[in-house]
Every structure is written in structure tokens, then in C-alpha cells.
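Asks: This is the structure I have questions about; it appears just below.
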Amino acid sequence: MTVSSERLRRAAGRPEPLNKKGFVLLCAFVALVLILFLPVFHWIRLTDTEALFSAMKLKASAAGKLGDSWSIFTFLSFVQDSKQGILGLWSFVLLLIACASAFFLAAAPFAFLTRGGAAEGRGMLRVYSLCQKGLFFSFVTAAGTLGLTIFANSHYGVSGFACGWCVWTVIVISPAAYLLSKRMERQERELRREHGFITEFRRNWILFLFLVPCFVFFLINNYLPMIGVYFAFTQFNFRDHLFASPFVGFKNFEFLLRSEILHLTRNTILYNIVFIVVGNVLQILFAVLISHVTRTRLRKISQTMIFMPYFVSYVILRVLVFNMFEYEVGLINNFVTSIGMNRIDFYNTPGYWPWLITLFYLWKNIGYGMVVYLATITGISTEYYEAAQIDGANIYQQIRFITVPLLKPTFIILLLYALGSIMKGQFELFYQLVGNNGTLFETTDIFDTYVYRITTTQPLSMGMGTASGLFQSLFGFIVILTTNFIIKRRNPEYALF
Amino acid sequence: MKKIKDRSAIPFHIIKSVLLILLSVLCVLPFIVIISGSLTSNMTILKEGFSLFPRNTTLEAYRTIFRSPEGIIQAYRMNFYYTFMGTAFGLLVITLTAYVISRKDFKYRNHVAFLIYFTTIFGGGMIPWFLMYANVLGLRGSTLAIWFPALMSPFLVILMRTFITGSVPDAVVESATLDGAGHWIIFWRIVLPVLGPGLATVGLFQALGYWNDWYRSSMFSTSSETWSLQFYLYDMVNSTMAMRQMAQNVSINTADLPTQSVKLAMAVVATGPVLLFYPFVQRYFVSGITIGAVKG
């Protein structure tokens, strides 16, 4: 009785380990593994280098520059210098897992010191969970390194690769520390009345079954392709095996930085800013206007008409734009000649296209945003307007001081979403309007069209394409994190996550 | 409704009517150009260009299309196939997932929701995605590669979750659990029967996406047999456009190309079903967009 009340008292305060000795031991293990991750410890050693380098068909001059032991973080430079692309993907994945492991292992003491999780009544559970994730990944890293050496030895037919002593240490320590942490977690769970994965699985196994298709889909469609960013660091070609193209480090990025990336970034961001600003202003304007149409039938009809372009495919848009702006028979040129002016060559003049693309973006998307804002407006209580009318406010004042301020939350949400995808382009819009018309690229090329063109027509530049895709993803990711961070500080209600 | 007492509001109402009529007309006008162009004879188009109203009305273009309809019928068939497969399987897996992350008694629902949401803020990019399907799974040329990649989207999963939490009160699920119902029974007997509007909305979003898709056909198709309708149209338009560009410099006999009016007739045939159903299903899209934007 006294013991349990003593435990509960402790549980309410700052998180403290129930088993002090065990905790100290766990700390020591975690620290040891973390230290072993430091690049000064060599995870992969090369023995019998002469036979190995001749099996790799390396010249003596190139082989001479290579060292004979590598850490997990520098092994990729060995892959690059010795031109052994076949080892590249494996060591890239190992590098990522090692980083994940180090991250979790470093986050665990941080969570302990800042009392993470204690506020939610979870006590030390978060610390243990972080430890276990880190230890699991460090075990995978060590086992993967072992696997890499075995694979490399069998590939070259020479037993030239060997694991350093740190690998063996980690292989032994990680599972031991994992089990220790697991045991202490179990005690903690009893105290917090929480159950672990196995209990949850036994209780709700049918929900896990429901999730299987979802997992398969996102794994294939999103998560496994994330590993494919490896191609950004290769000189991709189909001649070597898909995963054996030469590893070239940051060469693709260097090339992109010199040539394409600046104007792609500029185009993508500028277009998106224009879309966001002009789009939202017009959407709000028309939502306000349409909400003042008093006859329901008229309102329905006009909403139906304005929303219609959203439903046609971009291919139809292509046909349409072509019919309007074509040189010989287009509607515009038809009109222009009929009033006695010269034909305009739209399809060879880059200057017109920013305007046209924005115009058709608006044409297709005004209806969508209008519907969103209209829903907010219909949600506004009529009492506000009645009170304002009694006070003598005219219709402009009602819009200015009631409708527009109440639209602000919706606007902010839409703005945040739009900012989050500021590096993504309206690919279908751009591609269908411009296509492969090279004369217009200067003003119309965005990341998505550039990458698409490479994918479909230039298989030899795929490494470059992946690199620009990765740049786009990372840049967008950073923008989202930053925006979310700022928003969370100023007004947590609007935060995305 | 509100009476116009305020004289100063009169200009507002005039401007409102003018702007709304203008935008409505602008939104619909292009469709009229396409339809009237498809009804105009090709010679008239070449001589006088496109215009708003059909002149020398003729059904020649439609007759040309349906004289040798194999290509378009095949494309139509494939489009129905993709739309059906994608919508049916997509609805099933989206609903299952949304049910799981809507259950408050499921410990990992936030983890799962985050894993789904994360895909919208970071990704490997187009090329790894393409290589995954085309080379790793070897699906190039198969129809699976065209409908599978759009089976689920985070937006639709979240939308469906909102529908589920909105239409099935927790109390109902709790009392069912007390009566001994497991998740299987709750899902099929309690949640699905009241989920009509949600299924309709999400299904229509899916169907619209599949119907209008050309992109995956362009990436994964190896023969015109598996082209979706939009890509069939795209290919037709594109080949003529390229030839026209060349014809400006070199003299090429443009008479053999699909004529302008035939292209427009194709466009009408390809969009027909969407615009036909649109007025009746519009409200589902409106409710979906509203719910998705406010809660999502």
C-alpha cells in the first residue's frame, strides 16, 4: 500500500526511473552505442587490399589513394572513389538508418532532461520508446553492415571486406539494452495503466487487418520511392543494373545549381504566389457577390456555371486554349484579323504565357475556392447583419466589417495549405498548356514539367531529374516546417500539425 | 430575404449582377466554342476560323469519328474500366483506413494518420516513383499501373474520416460494443449503412480523378490498347499540333491530319459524361470541398 502510493506520488511529479540501477545501465549502453557511431570508429575494414582492388579492376594509382578502413558515414566516398556503384544503394540506406538511430538515441536523453511526456501522464514511457527505436535501428545498422560485407565479399569473390570491432559490439549490446529497456517499460506501463503493442494487437487485431491495404499502398506509392532519392547521387543509366549506376556524390546538384535550379525555383514560386494572391482575392470577391444574390434559383445557376471548369480534364483545356490562340484558325486571331490587325503568334512568344497560364488557372479554380468561402459566408449568423442594419450600416460597411473579418480563418487555412505546396506546381495545367514547346520554357518551365520531360524523354538524365525532384521536395519540406513553426508560436489553432 | 432599403446599395447590386453574369459567361463560353466548332464543317473552320456559333451546321465530324470507332471505343472501355476499378477498390480501402483512424479506442490512430499525412509534405519525387512501378515492380504496360497509384489520397482519407465521425456518434459504437459487436460487425453493419453521403462524395472525387486522368497512361502505357480516353484525345491533339508547327515552316499536306472539327467532336465525346452528370452530382462535390476545407 505504502509502496504503491509512494509510486503514484512520484508518477505525478517529474519522471523518475522506477529502477535506478537498471536505468543507469541503460544510459551507459545508449551512450556507448552513440559513441560508437562517431566517425572516428571504423565499421568497415578492408583486408587483402591488393586482391580486392584488382577484383574491382582498379588501377594502382587510384587504389593507392584509398584507405583501408571506413566509418559508416564515409563509406559512400569509398563507393564513389572506387567507382563501385553496386555497393552504393546498400551503404546509402545504411547511412540513413544510422542517422535515424543516432537521432533517436540522442533524443532519448533530451526527452528525459526536458521531462517530455510527463505532462501527458506518460512519465518515462516516451524516453523508453525513443531508446528502443534508437537501439532497434542501431542493431539494424550493425547487422546491415555485416550483411554488406558478406554481400561485397561474395560479389567480388575475394574476402576483402570485414567488420570492425564496433559492429560486433553494437550487435551484442543493442539487443541487450533493448531488452533491458523493454523490461523497465513494462514496470512503467503497469504504473501508468497503459498497454503495449502486443495487448493492443490482441485486442484490435481486426483494425490492423483493415490497415493492411493502406500500408501496402503507401509503402509502394510513397515510402519505398523515398529511398529512390539515392538516384539523385548517381549518374543514372539503365545499362548497369538499376541499382548499380555509378555513385557521383553531389555532382548532379552542382550541375543543377549552375544551370537550371535558379530559374526553375523562381518560376515555381512566382507562379504560386500569383496564383495564391489573385486566386484568393477573386474567390473571396465572387463568394461575397454570389452570397448577395437573393433569388435561390439564380444563385444555383450561376454557381453551377462558375464551378463547371473544375470538372473538365486538362486535356480539354489544351484543346480549348489551342482553339483560341492558334495562329491560323484560332478564335483570337480570327477576331484580330477581322478588325484589321496583324495575327499574334502566341505559341512562339514566351511573354504571353505567364498571363495565359494565370488566366486559365483562375478559370479552372475560381469555382472551387468560391465554394469554400461561400460555405463560410452561409455559416455567418444573420443576426450580425440585422444588428448592423439597425445601426445604419450600409451594404459596403456590412461586407467590410462583418463578412471579410469572418472569412479570415478560412483564408488563413487555405493560405497555409497553399504555402505548404509552394514548391509543387500545377503540373497538369502547365504541361497541357505548354507541352514540349521549347521556345516557351524560359517563362513556363517549373520543377514538375522539367522532371516529367526528363522521365519521359531523357532516360540518361534521370539522376539529374531525381536531384531536382529531391531539391524541390526538401525545399518545400523546409518551407512547411518553418511556416508551421511560426504559426504554432503565434496561433496554435491554425497549426497544420 | 433582405429588402433593399438602402439606396446606396443600388450600385453594388448592379456591379454584382454585371460581374457575376460576366464570370458565368466566361466560364461557360469555352464549352460553347468547342461544341459549336464540332458542329461546323472543317472547311469553314480553315477558311474563317473558329467562332462562337456554328455556321454551316453539320454532323460530319461525329460521323467521321464513328465511321471507324475502334480506337475511341477501346479508349472508352479502358476509361470505364479504370474508373470502375479505381473507384471501387479505392472506396473500400479508403473507408477501411478512415474507420480505423476514426476509432478513439485505437491506440495508434494518430501514428497512422501522421504516416498518411506525411506523404503530402515530403516525397521522393516523380522519378523514383516512376521507377518503382515501371522497373522494380515491372508494371510498365499493365493496366494495374494506371489505376493502382491513385487508389488513395490523404485528402480523401481525412475527408472520409470526417464523414464517419460526423455520421456515427460514439455512443452508438459504444452501445454496439457493449452488446458484443466487434469492429468487423460495427464496420459493415453500423458504419457503412449510414455512410451514404460520404461514400458518394469520396467516390465521385475518385471517379472524376480517374475519368480525367491522362498522366499515368502517358507514363506507363506501352501500346494504345491501354490508353485512357483523355490520353487518346491528348495524343490526337498533340500529333496534329506538332505537325502544324512544322507545317508553318515546311510545306506538309495537312489534309491527312485529323481535322479541327473532328478534334473538337472528340473533346465533346470525351467530356460528355462528366458534363452530363455534373449538374446532378454537383452538391456532393460542394459538400466534400466544404467539409474537407473546414475540418481537414
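Asks: Could you calculate the contour length gain from A:Gln187 to A:Asp81, that is, 0.36 nm times the residue separation minus the distance between their Cα atoms, to one decimal place in nm?
Replies: The span from A:Gln187 to A:Asp81 would gain 33.1 nm if fully extended.
Asks: Any idea how far apart B:Ala88 and A:Phe103 come out in nm if each label point goes 7 Å out from Cα toward Cβ?
Replies: With each label point 7 Å from Cα toward Cβ, the separation is 4.1 nm.
Asks: If you place +1 on the Cβ of every Lys and Arg, -1 on the Cβ of every Asp and Glu, and leave all else neutral, what size is the dipole of the protein assembly as shown about its Cα centre, to the nearest 20 Debye?
Replies: So the magnitude is around 1860 debye.
Asks: Which of the pairs A:Lys424/B:Lys104; A:Lys182/B:Lys107; A:Lys20/A:Lys488; A:Lys59/A:Lys251; A:Lys57/A:Lys251; A:Lys300/A:Lys364 have their Cα atoms more than 30 Å apart in this structure?
Replies: Over 30 Å apart, Cα to Cα: A:Lys424/B:Lys104; A:Lys20/A:Lys488.
Asks: Lys/Arg Cβ at +1, Asp/Glu Cβ at -1, dipole of chain A taken about the Cα centre: which of A:Asn204, A:Leu433, A:Phe286 is farthest positive-ward?
Replies: A:Asn204
Asks: Ignore the peptide's own chain and count Cβ atoms of other chains within 10 Å of each Cβ in A:365-378; give me the average, rounded.
Replies: 3
Asks: Here is a further query. First select every other residue whose beta carbon is under 15 angstrom from the beta carbon of A:Leu374; then total the charges, Lys and Arg +1, Asp and Glu -1.
Replies: My count for the surroundings of A:Leu374 gives +4.
Asks: Could you tell me how many degrees, from 0 to 90 and to the nearest 10, lie between the Cα long axis of helix A:88-113 and the main elongation axis, the longest principal axis, of the Cα atoms of chain A?
Replies: Orientation of helix A:88-113: about 90 degrees from the principal axis.
Asks: Right, another one. Filter the DSSP H helices in chain B by two things, a Kyte-Doolittle mean of at least 0.5 and an axial alpha-carbon span of 24 angstrom or more, and list the hits by number.
Replies: For chain B, where a helix must reach 24 Å along its axis and average at least 0.5, the hits are B:9-38, B:70-102, B:260-295.
Asks: Using Cα pairs under 8 angstrom and six or more residues apart, how large is the relative contact order of the range B:69-258, in percent?
Replies: 35
Asks: Let me ask something additional. From the residues B:Trp214, B:Ile190, B:Phe122, which one has its Cα farthest along the dipole of the range B:69-258 in the positive direction, the dipole being from +1 and -1 charges on Cβ of Lys/Arg and Asp/Glu about the Cα centre?
Replies: B:Phe122
Asks: Could you tally the net charge around B:Gln74, taking each other residue with its Cβ under 14 Å from the Cβ of B:Gln74, Lys/Arg +1 and Asp/Glu -1?
Replies: The answer is -2.
Asks: Continuing with the same structure: For A:Asn153 paired with A:Asn19, estimate the spin-label separation in nm (one decimal), with each label point 7 Å from Cα along the Cα-to-Cβ line.
Replies: 3.7
Asks: Right, something else. What does the charge count near A:Gly85 come to, summing +1 for each Lys or Arg and -1 for each Asp or Glu among other residues with Cβ under 15 Å from its Cβ?
Replies: +2
Asks: Test of understanding: what is the full-extension gain from A:Ile390 to A:Leu96, defined as 0.36 nm times their sequence separation minus their Cα-Cα distance?
Replies: Fully extending the segment from A:Ile390 to A:Leu96 adds 99.2 nm.
Asks: Give me the inter-chain shielding for A:296-306: mean count of other chain Cβ atoms within 10 Å, whole number please.
Replies: 4
Asks: Could you check the spin-label model distance between A:Lys65 and A:Arg400? Points 7 Å from the Cα along Cα→Cβ, value in nm.
Replies: It is 7.1 nm.
Asks: For the ranges B:278-285, A:261-268, what's the packing order if you count other beta-carbon atoms within 10 Å of each residue, average per peptide, and put the highest first?
Replies: A:261-268, B:278-285
None of the figures in this text is laboratory data; all of them are computed from the coordinates on show. Just so you know, these numbers come straight off a predicted model, no measurement behind them. Don't worry about glycine lacking a Cβ; one is built from the backbone with ideal geometry, like all the others, and counts go over all protein chains shown.
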